[in-house]
Amino acid sequence: MPISFTNRPALVAYLTCGDPDLRTTREVALAAISAGAEVIELGVPFSDPVADGPVIQRASERALKNGVCLDQVFDLAGEIRNKSDAGLIVFSYLNPILRMGMEKFAAKAAETGVDGALITDLPVEEAAEYLRYMRKRNLSTVFLAAPTSPDERLKRIAEASTGFVYAVSRTGVTGTRKELPEDAQKLVRRLRKFTKLPIAVGFGISAPEQFTAVGRFAEAAVVGSAIVQTIESNPGTEAQAVAEFIKQLSAASLQPSVKPLSKTRRSTAVAEDVVSC
């Protein structure tokens with residue numbers, strides 16, 4: 001089934017796979033979907049997550065200690081897909097995908113029901129091979145667009161993206177913030193010049209008022225660190241705690257989305273010393 005952003009803003013929920021273990025990640029993902037998340041980003045744990053703040057860094061460390069790797073993330077995706085039609089995106093650094101091989105990565109994503117991927121450290125200028133294999137499998141490719149990018153680069157990102165575009169609300173690493181940066185709305189406005197795709201805003205969204213604010217100018221909001229922090233803070237009741245948190249955010253949705261989102265397909269990545277299966 002195609003991915004659709006039903007609410008505005010739709011909720012895209014990020015999880016670090018294997019934190020605290022793969023069984024809990026599956027339970028949290030399904031609970032998040034039941035609570036209102038429309039897309040799940042399956043984060044591949046990475047030994048050097050340079051784009052992430054301390055919360056997701058700690059989650060990656062815990063998952064890597066459990067031996068979690070890209071193959072297991074795909075197994076997890078298949079289990080979730082068997083129980084839900086929600087959007088599934090593999091969210092990763094590039095190295096684990098290179099270790100697996102671009103062609104095999106795209107094949108496994110399609111086989112396990114993943115809709116697409118986002119590779120955090122793959123520049124759009126160097127993505128030709130990745131795009132070729134992903135397009136062959138009809139998988140969506142989501143790229144990050146930053147406030148510091150010139151219009152020429154935003155245009156290239158928009159043209160390479162399918163499914164939706166991920167607008168980074170601010171410079172720096174992931175992590176919760178008290179206020180939504182003004183850069184977020186400006187960036188979305190700039191992206192609108194180059195694409196009609198839905199735009200999801202992420203980095204720092206953690207409160208209902210921020211979530212609601214995103215819906216005034218973008219189709220979706222990505223919530224990551226706040227969810228990972230909720231998991232870390234509620235050992236033994238992770239799924240319930242995340243569901244309650246997401247319900248609070250979902251209750252703030254403003255209106256039905258005017259644009260359905262076709263089902264997306266993406267990829268993932270990690271570093272040289274990532275645990276291999």
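The values are calculated or read from the model by the stated rules, or taken from the named source; none is laboratory data. Everything quoted here is computed from the prediction, not taken from an experiment. Positions of Cβ are generated from backbone atoms using ideal geometry, with glycine treated the same way; all protein chains shown enter the neighbour counts.
Would you mind finding the one in Ile40, Ile3 that is β-branched (Val, Ile, Thr), surrounded by 18 or more Cβ atoms within 10 Å (Cβ to Cβ) and at pLDDT below 95? Before the answer, list the steps.
Working: Ile40 fails: at pLDDT below 95.
Just a single option satisfies the conditions, and that option is Ile3.
If Leu76 meets every condition in (1) free of Cβ contacts under 8 Å to residues at least 60 places away in the same chain; (2) aliphatic (A, V, I, L, M); (3) surrounded by 24 or more Cβ atoms within 10 Å (Cβ to Cβ) apart from one, which number is that one?
(3)
Take the conditions touching a strand residue (DSSP E or B) at 6+ places or on another chain (Cβ under 6 Å), more than 19 Å from Phe203 (Cα to Cα) and not in a strand (DSSP E or B) and apply them to Ala59. Does it pass? Full working, then the answer.
Values: touching a strand residue (DSSP E or B) at 6+ places or on another chain (Cβ under 6 Å): yes; more than 19 Å from Phe203 (Cα to Cα): no; not in a strand (DSSP E or B): yes.
Spelling it out, it is not the case that Ala59 is touching a strand residue (DSSP E or B) at 6+ places or on another chain (Cβ under 6 Å), more than 19 Å from Phe203 (Cα to Cα) and not in a strand (DSSP E or B).
Hey, could you check segment 15-27 for residues that are buried (at least 24 other Cβ atoms within 10 Å of the Cβ) and not aliphatic (A, V, I, L, M) and say which is nearest to Gly202 (Cα to Cα)? Let's see the steps before the verdict.
Applying the first criterion (buried (at least 24 other Cβ atoms within 10 Å of the Cβ)) to segment 15-27 yields 15-19, 25.
When the remaining residues are screened for being not aliphatic (A, V, I, L, M), the result is 16-19, 25.
Numbers: Thr16: 16, Cys17: 19, Gly18: 22, Asp19: 21, Thr25: 21 Å.
Filtering segment 15-27 for residues that are buried (at least 24 other Cβ atoms within 10 Å of the Cβ) and not aliphatic (A, V, I, L, M), the one nearest to Gly202 (Cα to Cα) comes out as Thr16.
What residue, of Arg58, Arg137, is in contact with a helix residue (DSSP H, G or I) (Cβ under 9 Å, 6 or more places away or on another chain), of a type outside the set (A, V, I, L, M, F, W, C) and within 27 Å of Glu219 (Cα to Cα)?
Details: Arg58 fails: within 27 Å of Glu219 (Cα to Cα).
Result of the check over Arg58, Arg137: Arg137.
Would it be correct to say that Gly113 is surrounded by fewer than 19 Cβ atoms within 10 Å (Cβ to Cβ), out of contact with any Asp or Glu (no Cβ under 7 Å at 6 or more places or on another chain) and modelled with pLDDT of 95 or more?
yes
Anything in segment 7-43 that is closer than 17 Å to Arg81 by Cβ and in a loop (DSSP other than H, G, I, E, B)? List them, or say none.
Result: Cys17, single match.
Rundown of residues vs (1) touching a strand residue (DSSP E or B) at 6+ places or on another chain (Cβ under 8 Å); (2) among the small types (Gly, Ala, Ser), yes/no style:
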{"position": "Val124", "(1), (2)": "no, no"}
{"position": "Ala127", "(1), (2)": "yes, yes"}
{"position": "Tyr133", "(1), (2)": "no, no"}
{"position": "Ser140", "(1), (2)": "yes, yes"}
{"position": "Leu144", "(1), (2)": "yes, no"}
{"position": "Glu152", "(1), (2)": "no, no"}
{"position": "Ser161", "(1), (2)": "yes, yes"}
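Starting from residues that are hydrophobic (A, V, I, L, M, F, W, C), over 18 Å from the mean Cα position of the chain (by Cα) and at pLDDT 95 or above, keep the ones in segment 148-201 and report whichever is farthest from Gly224 (Cα to Cα). Spell out how you get there, then give the answer.
Restricting attention to segment 148-201, the residues satisfying the condition of being hydrophobic (A, V, I, L, M, F, W, C) are 154, 157-158, 160, 164-165, 167-168, 173, 180, 184, 187-188, 191, 194, 197, 199-201.
This time we only want the ones that are over 18 Å from the mean Cα position of the chain (by Cα), so: 154, 180, 187, 191, 194.
Of the ones still in play, those that are also at pLDDT 95 or above are 154, 187, 191, 194.
Details: Leu154: 23, Leu187: 20, Leu191: 22, Phe194: 26 Å.
Looking at the filtered set, the residue picked out is Phe194.
Determine, yes or no, whether Leu30 is surrounded by fewer than 22 Cβ atoms within 10 Å (Cβ to Cβ), touching a residue at least 60 places away in the same chain (Cβ under 8 Å) and within 23 Å of Ala200 (Cβ to Cβ). Quick ask: steps written out before the conclusion?
Values: surrounded by fewer than 22 Cβ atoms within 10 Å (Cβ to Cβ): yes; touching a residue at least 60 places away in the same chain (Cβ under 8 Å): yes; within 23 Å of Ala200 (Cβ to Cβ): yes.
Criteria met by Leu30.
Could you say whether any residue in segment 89-102 is in contact with a Ser or Thr (Cβ under 7 Å, 6 or more places away or on another chain), among the small types (Gly, Ala, Ser) and assigned to a loop (DSSP other than H, G, I, E, B)?
no
Regarding Ala59, is this residue buried (at least 24 other Cβ atoms within 10 Å of the Cβ) and closer than 20 Å to Ala243 by Cβ?
Values: buried (at least 24 other Cβ atoms within 10 Å of the Cβ): yes; closer than 20 Å to Ala243 by Cβ: yes.
The answer is yes for Ala59.
Take segment 15-49 and flag every residue that is in contact with an Asp or Glu (Cβ under 9 Å, 6 or more places away or on another chain), under 16 Å from Gln240 (Cα atoms) and of a type in the set (Ser, Thr, Tyr).
Thr24, Thr25
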